[in-house]
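In what follows, a single structure is set out as structure tokens and then discussed.
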Amino acid sequence: MTIARSILIDPTITRWYHCVSRCVRRAFLLGEGLDDRKKWVENRLEQLAEIFAIAVGGFSIMDNHLHVLVRLDQDIAKNWSDEEVVRRWGRLYPPRDKSGEALPVAEAWVQWRLEDAQWVTTIRGRLQSISWFMKCLKEPLSRLVNRQEKVRGAFFEGRFKSVAILDDGALLAVGAYIDLNPVAAGIAEAPETSKYTSIRQRVEHVEAQGQTAQLEAAGHGSAAGSQADAGLEDSLWLCPIEDRRRLDSSREGMLEGFSLGSYLLLVDYTGRLFRTGKATISAELAGIFDRLGSSAESWRARLEKLRTRRLFGRFFAASREKLREAAARLNARRVVNLAGCPVP
């Protein structure tokens, strides 16, 4: 039974959501065409992250579907001036001439829109909506492909799936799962070589700064890793892995006290599980699992379920307590944990 998106996406329960959208008939449409459609989606994600009050924590673009991990930043949208709301919307839907060609966002157009306070309120809401974010991601590509191929019809399935991420353990697991999609599918040999993924963007961003050696400090514990990672992702459009607001940054990250280096180490270990079924538990990894209140066995089981089963369920947590809290807020007896993943 279809569930209303307003129930599935509730920022009072969680700000983090894993969104999945598939091509019609699961055809490999994103891998076809003369243009690089996957690169188009990647570039579009970056553009939308700059316009919406929504942060992108991870993504992977496959031949017949795409994954996006997003965070709702409603407080940011509330602090925008009315004029900023109008100008942001103008970047998405600029005024057009009679032939349909986009026009520059003129001052007169901005002032005209500002006269309608109710319209501005509606647009402010749209700019913090995951549904509108996904619409603005997928619809332009569908129109572009239809024009190029002189056809009509849908490119993506009509409704995307969204899974509420309820705690840090689930957030890390989903982030790793998304980044390792090409490895799990046998398309890439290693996470950092996986094209059209957030992990590749993170690695390339660090390499461009000549700071690759800094990430090795993750092997010396969380404090050293955090110190070495200072500023590495400040200029990256993706949401930083580490939330350093208490230290030296104004940007909100994904996890406090969990460095980019630690994340890359964890993803590399998980990728080896996907490729060979064997991976070494180093002292550094053992420390990461301790900090997560988890173990290598439960981590492996959780990721294996994500990898091998369809995404049944609308909520994902690493603990029963978070599931109970979500059920209570929804006035439900229980909520279904994603894919029946084990919860300690």
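For the range 254-283, a residue qualifies if it is in a loop (DSSP other than H, G, I, E, B), at pLDDT 85 or above and among the β-branched types (Val, Ile, Thr), but none of them does. When ASP75, ASP63 are checked against the criterion of being under 23 Å from the mean Cα position of the chain (by Cα), closer than 23 Å to PRO11 by Cα and either outside the structural domain of LEU292 (by TED's automatic domain parsing) or surrounded by 20 or more Cβ atoms within 10 Å (Cβ to Cβ) (or both), a single residue qualifies: ASP75. Within the range 324-340, being at pLDDT 75 or above, assigned to a helix (DSSP H, G or I) and among the small types (Gly, Ala, Ser) holds for ALA326, ALA327, ALA328.
Taking the options GLY169, GLY158, name whichever one is within 16 Å of LEU266 (Cα to Cα), under 20 Å from the mean Cα position of the chain (by Cα) and either modelled with pLDDT of 90 or more or of a type outside the set (Ser, Thr, Tyr) (or both). Of GLY169, GLY158, the one residue that is within 16 Å of LEU266 (Cα to Cα), under 20 Å from the mean Cα position of the chain (by Cα) and either modelled with pLDDT of 90 or more or of a type outside the set (Ser, Thr, Tyr) (or both) is GLY169. Tallying residues that are loosely packed, with under 12 Cβ neighbours inside 10 Å and touching a Leu at 6+ places or on another chain (Cβ under 8 Å) within the range 127-158 yields 1. Taking the range 284-300 as the search range and keeping residues that are at pLDDT 85 or above and closer than 18 Å to ILE178 by Cβ, which one is surrounded by the fewest Cβ atoms within 10 Å (Cβ to Cβ)? For the range 284-300, the residue satisfying everything is ARG300.
Filtering the range 191-205 for residues that are at pLDDT 65 or above, under 22 Å from the mean Cα position of the chain (by Cα) and loosely packed, with under 14 Cβ neighbours inside 10 Å leaves a non-empty set.
The values are calculated or read from the model by the stated rules, or taken from the named source; none is laboratory data. Note that the coordinates shown come from a computational prediction; the quantities given were computed from them, not determined experimentally. Counting neighbours? That spans all protein chains shown, and the Cβs are built from the backbone with ideal geometry, glycine included.
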